[in-house]
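> Sending over a structure as structure tokens; questions will come in a sec.
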Amino acid sequence: MKFNTTKSGIKFSELGLGAMNLPQDALDSQYILDQAVDLGVTYIDTADLYQKGQNEKNIGHFIKNSKKRDQITLASKVGNRFNMLNDDVVWDPSKEHITRSIHESLKRLETDYLDLYMLHGGMIEDNKDETIETFEQLKKEGLIRAYGISSIRPNVIDYYLKHSNIDTIMMQFNLIDNRPTDLIESIQSKDVQILARGPLMKGLLTEKYDEILEKKFESGILGLTQEELRQSLDASTTIAPLQQAVYQYLTSYPVASIVNGASSVEQLQVNVKAYDTSIKHPIDKQKLNKIVESFKNLHYEDHLV
Ligand SMILES: NC(=O)c1ccc[n+]([C@@H]2O[C@H](COP(=O)([O-])OP(=O)(O)OC[C@H]3O[C@@H](n4cnc5c(N)ncnc54)[C@H](OP(=O)(O)O)[C@@H]3O)[C@@H](O)[C@H]2O)c1
């Protein structure tokens, strides 16, 4: 496993574990977390919103039982005020909400600090300076080591790049959703690194793509029809293994971690194996370029200013 260090000194395993789709059962999810850390996947990505705190609690159980807190890089996210009694979620990036939420997250996670705390979205209309000041304060208090945002809004990303000390930006990034390539230059110029979420597009960018295309992408995605997706996937899989190509494509950019979800140990193992192969036996550049060219070049169209 390779590791990448961001500007505040946070060490990310290049393949991370997105906890959002871990099984709700605490024991099942602990089993996956344990295997992940043993395989070198030490960046664990959660959010207070996932299963309304239960996801953090399951990770907390793992941390407490395994005593592996010092081996992992732990991130959570904040900004969504959820209600335990109904499904209402209210966007709230205020100082009051964030300073209360960090203590709740730390308690659920059975730890006294986060390596990374992310704003879980955000709009250009938010009081962004208040949010930034709050994250800076939490950093001073030692409750978080670094902060970042999770956003696919170019205007919000631009503001945080110019006015804050974020270490990371989490964005969906893969061969199909290649829109982040438009922002690489500005991200890199501020020494910020990307946390690439949704790298496998829910499993579509794996050898199981035929089945997953039928099951999860009947109406296409990002303006691409199911047929267009099929053509790109068919073309690229004749060149080289798809999943390996995704990992190599992403690591050719300033990506601190590829935040891969897994809902079973088997998936985790397949993903680690594909990642390892991409390091040990990389696809040659010409072939990789051909794979990249099989997919349409997309651009962000909203929230530009
Ligand atoms: N706004 C945000 O901040 C935001 C939004 C989304 C995600 N995230 C973070 O990013 C992480 C990853 O996102 P994601 O779950 O969309 O990423 P992903 O890695 O592209 O998709 C994960 C899903 O793909 C399937 N999968 C994984 N490995 C597979 C394999 N080897 N073969 C076939 N299918 C496989 C599984 O679906 P099944 O369970 O259906 O089998 C798994 O749940 C999340 O866990 C979360 O931490 C953040």
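> Would segment 174-305 count as rounded, prolate or oblate if I go by the C-alpha gyration tensor, calling it rounded below 1.5 in a/c and otherwise prolate when a/b exceeds b/c, oblate otherwise? Provide the component values of the computation, followed by the final result.
Numbers: a/c = 1.41, a/b = 1.11, b/c = 1.27.
Rounded, since a/c falls under 1.5.
> If you don't mind, another one. Can you give me the C-alpha center-to-center distance between segment 123-179 and segment 251-283, rounded to a whole angstrom?
After rounding, the separation between the Cα centres reads 25 Å.
> Quick check: from the Cα gyration tensor, does segment 251-305 come out rounded (a/c under 1.5), prolate or oblate?
On the way: a/c = 2.26, a/b = 1.32, b/c = 1.71.
It is oblate, given that a/c is not under 1.5 and a/b is not larger than b/c.
> Another one. Could you sort 68, 296, 95, 280 by their accessible area in this structure, using a 1.4 Å probe and putting the largest first?
Output order, biggest surface exposure first: 280, 296, 95, 68.
> How much of the DSSP bridge set in the chain is antiparallel, in percent, rounded to the nearest 5?
Numbers: 7 of 36 bridges.
Within the chain, antiparallel bridges account for around 20 percent of the total.
> Put a dot 7 Å past each Cα toward the Cβ at residue 305 and residue 7; how far apart are the dots in nm?
Spacing of the two 7 Å Cα→Cβ label points: 2.7 nm.
> Please report the antiparallel percentage of the DSSP beta bridges confined to segment 1-138, to the nearest 5.
Details: 6 of 15 bridges.
Roughly 40 percent of the beta bridges in segment 1-138 run antiparallel, per DSSP.
> Given only helices, namely DSSP H runs of n ≥ 4 each adding -39500 (n - 2.57), what is the per-residue ellipticity at 222 nm of the chain, to the nearest 500 deg cm²/dmol? Intermediate values should be presented prior to the final figure.
On the way: 11 runs with 125 residues, N = 305.
So the calculated ellipticity at 222 nm is -12500 deg cm²/dmol.
> Same structure, new question: Under a 1.4 Å probe, what is the accessible area of the chain per residue, stated in Å²?
46
> Once the dipole of the chain is set up with Lys and Arg at +1 and Asp and Glu at -1 on Cβ about the Cα centre, which of 243, 146, 101 lies farthest towards its positive end?
Selected residue: 146.
> Around residue 118, which amide H atoms from residues at least 5 apart in sequence, or from another chain, sit under 5 Å from its own amide H, with H modelled in the peptide plane?
The answer is 76, 77, 78, 148.
> Hey, what did the chain get for relative contact order, percent, Cα under 8 Å, at least 6 apart?
On the way: 529 pairs, mean separation 61.0, N = 305.
Rounded, it is 20 percent for the chain.
> Additional query: So if R0 is 45 Å, what FRET efficiency would residue 287 and residue 69 give, r being the distance between their Cβ atoms, rounded to the nearest 0.05? Before the final figure, lay out the partial values.
Working: r = 41 Å, r/R0 = 0.91.
E(calc), rounded to 0.05, equals 0.65.
> Using a 1.4 Å probe on the protein heavy atoms, what percent of the accessible area of segment 117-270 belongs to carbon and sulfur? Let's see the in-between values first.
Working: 2870 of 6310 Å².
Its accessible area is 45 percent carbon and sulfur atoms.
> Could you give me the percent of Cα pairs per 5 Å distance bin for segment 40-134, shortest bin first, beginning at zero and ending with the bin that holds the maximum distance?
Answer for segment 40-134: a P(r) of 3, 13, 25, 23, 17, 11, 6, 2, 0 percent.
> How big is segment 21-90 along each principal axis, measuring the range of its Cα positions in Å and listing the largest first?
Over segment 21-90, Cα extents along the principal axes are 37, 22, 19 Å.
> Just subtract the alpha-carbon distance of residue 163 and residue 87 from 0.36 nm times their residue separation and send over the number in nm, one decimal.
Working: separation 76, 0.36 × 76 = 27.36 nm, distance 3.35 nm.
Stretched fully, the residue 163-residue 87 segment lengthens by 24.0 nm.
> Amide H neighbours of residue 261 under 5 Å, counting only residues 5+ apart in sequence or on other chains, H built in-plane at 1.01 Å?
18, 198, 200
> Using a cut-off of under 18 Å, list every residue of segment 96-126 whose amide N is near the label point 7 Å from the Cα of residue 52 along the Cα-to-beta-carbon line.
Flagged as within label range: 101, 104-105, 108-109.
> Could I ask something else about it? Can you say what percent of the DSSP beta bridges in segment 165-274, counting only those with both residues inside, are antiparallel? Round to 5. Before the final figure, lay out each step's value.
Details: 1 of 10 bridges.
Rounded to the nearest five, the antiparallel share is 10 percent.
> Around residue 220, which amide H atoms from residues at least 5 apart in sequence, or from another chain, sit under 5 Å from its own amide H, with H modelled in the peptide plane?
Under 5 Å from the amide H of residue 220 lie the amide H atoms of 226, each far enough along the sequence or on another chain.
> Turning to a different aspect of this structure: Counting only other residues whose beta carbon sits under 12 Å from that of residue 186, what net charge do I get with K and R as +1, D and E as -1? Could the numbers behind the result be given before it?
Working: positive: 162, 190; negative: 158, 182, 185, 191.
In short, -2.
> I want to make sure I understand the PRE zone here: with the label point 7 angstrom from the Cα of residue 133 toward its beta carbon, which residues in segment 164-189 have backbone N atoms less than 20 Å away?
Within reach of a label on residue 133, which here means backbone N under 20 Å from a point 7 Å along Cα→Cβ, segment 164-189 contributes 164-166.
> Answer rounded, prolate or oblate for the chain, using the Cα gyration tensor with square roots of eigenvalues a ≥ b ≥ c: rounded when a/c is under 1.5, else prolate when a/b is larger than b/c, else oblate.
On the way: a/c = 1.60, a/b = 1.31, b/c = 1.22.
In terms of gyration-tensor shape, prolate.
The values are calculated or read from the model by the stated rules, or taken from the named source; none is laboratory data. Quick caveat: nothing in here was measured; it's all calculated off a predicted structure. With ideal geometry, Cβ positions are generated from the backbone for all residues, glycine too; neighbour counts draw on all protein chains shown. Accessible surface is based on the protein model in full, side chains and every heavy atom, while ligands, DNA and RNA are left aside. Shrake-Rupley method; radii C 1.70, N 1.55, O 1.52, S 1.80 Å.
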